[in-house]
Every structure is written in C-alpha cells, then in structure tokens.
C-alpha cells in the first residue's frame with residue numbers, strides 16, 4: 001500500500017536527545033512535549049517519503065509491562081500505537097527486555113502483509129538488521145533516522161546504516177522543537193530558626209535528676225581510647241593547677257524532653273501556652289497537636305487535602321487532564337496540584353499561614369503531592385524513590401503557584 005509507517009525506539013530517541021541537550025542519556029534530565037514530538041515525526045515522515053502516514057509505533061519498556069503515565073498519554077494520540085517490553089533490574093541497573101524483538105516482529109509483519117511502501121526507523125540497534133533485510137526483500141523502502149550525536153560521531157550500528165535505503169540525521173534544531181533540558185531546581189533557602197525553639201535547644205544538658213526514666217540509656221563502659229583521653233585531660237588539668245571535674249554525661253534530649261522544657265520557657269513570655277513544635281522526618285513535617293488545656297495553635301485546624309475537596313466528577317476530569325495535557329515535568333506537576341487545591345479550597349484567607357513554614361509543606365498535603373507526582377513516572381528508573389532534585393522541583397512548583405494566588409506576606 002502507498003503509505004508510510006514510523007517505528008520509534010523510544011530508548012534510543014530520548015536517550016540520544018538527552019545526551020545532546022543535557023549532557024547525559026538519562027531521560028529524567030529532559031522534558032518532552034509528546035504532542036509536538038508526534039506531529040514532528042509525522043510531518044517529517046510524510047515529507048521525506050511523499051506518502052501519507054499509516055501509523056507511528058512507539059516501542060518502549062515498562063516495569064511488569066504496565067504502561068507508565070507517559071505511555072498512557074501517547075497511546076490516546078491519533079495514529080499512535082504503543083508497544084511495551086519489560087523493564088527489569090540486572091546488576092544494579094534497569095535493562096530493557098523484548099523491545100528489539102517486538103520491533104523486529106512488527107517490521108517483518110508490516111512488510112510481509114504489504115501494509116506500507118516505506119518504513120521509517122528511528123533506532124540505532126544493530127539487532128534490527130535481520131528485520132531490515134526481510135523488509136527490503138518484500139519490496140519495502142527502509143529509511144533510517146539518526147539523532148545528532150553529542151560527540152559528533154555515529155550513535156547507530158554501522159551495519160544497520162549500511163543496509164538502509166535512505167539515512168537522515170535529525171539535527172539539534174529539529175530536536176529542540178519538542179524537547180528541552182530540565183533546569184536544576186533551585187535549593188530552598190534555609191528557614192530562620194524559631195527563637196523560642198532555639199532558646200529551648202540552647203538550654204544546658206539535662207542532669208541525671210531531671211532526665212525522665214524512659215529517656216535514660218545504660219552507659220557503655222569506657223573503651224580504652226576514651227579512658228586514656230580522660231586520663232590525659234586530668235593530667236593536663238593537674239599540671240596547670242586547675243580543678244579536676246568529672247566529665248558530664250551528654251544526654252541527647254528527646255522531643256518529649258524538649259516539649260516538657262518548653263513550659264517554663266513559655267510561661268514568662270506566653271502565659272497562654274508554649275510554642276507548637278514541629279519535627280522533620282523523611283515523609284514531611286508533622287504538626288504537634290495542641291494541648292487540651294491550651295488555646296488552638298497553628299496545627300489545631302488542619303487544612304483539607306485535595307482528595308477531601310474533590311468530587312467524583314472532578315476526579316474523572318483531573319485524570320483526563322493528567323493523561324492528555326500534563327507533560328510530567330516535576331515543577332509543572334507541583335503547579336497543577338497546587339492550582340487544583342487552591343481553586344477548590346474556596347478562599348485564600350487560610351493559605352497565608354503556610355508561608356510561616358516555607359519551604360515546608362504540611363505533612364498530609366506533602367504526602368498527597370508526592371503520591372500525585374508518582375502518576376507521571378517520577379518514580380520510574382529510580383528504585384521506586386523520587387529523585388532528590390525532582391522532590392525539590394515538585395515542591396518548588398507548588399510554592400510558585402501558591403505565590404501567584406496567595407503571595408507571602410511582607411517581612412516584618
């Protein structure tokens with residue numbers, strides 16, 4: 001048939017683009033506009049072959065062959081079919097399985113059934129060579145496309161290049177139409193310490209008489225090095241005539257100890273109650289609940305999560321937007337989440353106190369934000385852990401959107 005087909009090895013296409021524009025082949029270093037990419041592939045294929053496009057086949061790998069968000073967005077685009085191989089762990093790194101075999105099978109089947117007159121291959125893997133030979137024997141013209149290499153050298157198999165009927169190199173200008181490197185997210189400035197909590201932390205070590213029983217830990221016998229250091233210290237003090245005092249046992253206070261110590265400190269300055277302590281963790285910031293006998297503190301009225309504010313109809317609309325419109329850039333994901341949350345909370349009056357803890361996001365909301373980000377493949381290829389830079393960018397997007405709708409109050 002007088003039509004053309006495009007077969008895309010996504011690993012090659014995106015890896016080569018990342019190497020050229022970001023300096024390394026990791027896909028996480030680039031942001032791809034998938035709609036623009038598909039349109040660019042279609043326009044170029046039809047212009048080069050002079051034939052209308054039948055279909056674009058997108059070959060990629062996924063864990064357990066389950067489509068990632070990027071695959072879901074691609075497969076709803078017109079004239080795009082997604083074929084997935086397996087993504088498995090081998091010797092500490094992710095390895096694709098079955099992608100080359102699937103491309104070979106599709107190429108051979110299209111040629112055997114005379115489904116197209118021209119095939120455009122966007123790949124560099126020499127394993128596809130038998131499929132190219134078979135397609136040519138069935139009268140199909142094979143166009144091989146390469147992406148401009150970062151080092152100016154070939155990034156394709158020379159045997160594959162030699163067997164193709166036509167070869168084109170897609171230059172940097174064409175690539176920059178649909179991809180851009182992700183900017184390194186800015187590191188949040190360190191928040192100024194709360195003066196009340198700083199005063200608590202600066203208090204002298206807890207003496208044995210004041211340490212709560214559960215907080216005590218058995219003292220390990222001194223090791224010889226420690227004993228020698230103590231003896232040397234005593235000898236030095238004796239030679240200078242200083243009084244020898246036994247070294248005080250340094251007891252690390254627990255959060256409970258510090259909370260107990262907050263009462264006398266707060267009594268002089270805040271008769272109505274002590275400060276609300278917040279303790280950081282890997283999962284976010286946890287607000288200490290207000291005391292039953294004290295006034296409502298900042299944590300007394302928890303802000304609702306996006307799930308609390310979202311109806312079933314809105315959930316369906318959100319999912320549709322995620323699949324068809326959201327690109328998956330970490331900062332963009334944070335902005336989209338914040339936009340929906342702020343619009344549905346109904347008033348910006350409750351958002352001002354969030355800036356008190358900038359750049360920290362309330363624990364429940366932060367956890368929901370990271371779970372939302374996982375929909376967009378930000379967990380992929382990273383041992384199920386969101387990359388540190390991605391976490392900063394996701395939260396940066398949240399604060400960026402908040403700043404446009406509920407700006408931070410002026411300092412002082």
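Rule-based calculations on the coordinates, nothing more; no lab input. These figures come from a predicted structure and were not determined experimentally. Positions of Cβ are generated from backbone atoms using ideal geometry, with glycine treated the same way; all protein chains shown enter the neighbour counts.
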Order these by the 10 Å Cβ neighbour count, fewest first: 95, 161, 6. 95, 161, 6
Among DSSP bridges having both ends in the range 4-181, what percentage is antiparallel? Round to the nearest 5. 20 percent
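Can you classify the range 4-181 as rounded, prolate or oblate using the Cα gyration tensor, where a ≥ b ≥ c are the square roots of its eigenvalues, rounded means a/c under 1.5, and otherwise it's prolate if a/b beats b/c and oblate if not?
rounded
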When ranked by the protection proxy of mean other Cβ atoms within 10 Å per residue, highest first, what sequence do the peptides 175-181, 7-13 form? 7-13, 175-181
Highest average packing first - 113-122, 390-399, Cβ atoms within 10 Å: 390-399, 113-122
If you average the sequence gap of Cα pairs under 8 Å that are 6 or more apart and divide by the length of the range 4-181, what percent do you get for the contact order? 26 percent
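On full extension of the chain, what length is gained from residue 134 through residue 325, given 0.36 nm per residue of separation minus the C-alpha to C-alpha distance?
This chain segment gains 64.9 nm when fully extended.
Taking a ≥ b ≥ c as the square roots of the Cα gyration tensor eigenvalues, with a/c under 1.5 meaning rounded and otherwise prolate when a/b beats b/c, else oblate, which class fits the range 306-405?
Judged from the Cα gyration tensor, the range 306-405 comes out oblate (a/c at least 1.5, b/c at or above a/b).
Report relative contact order for the range 306-405 in percent, whole number only (criteria: Cα-Cα under 8 Å, sequence separation at least 6).
It rounds to 46 percent for the range 306-405.
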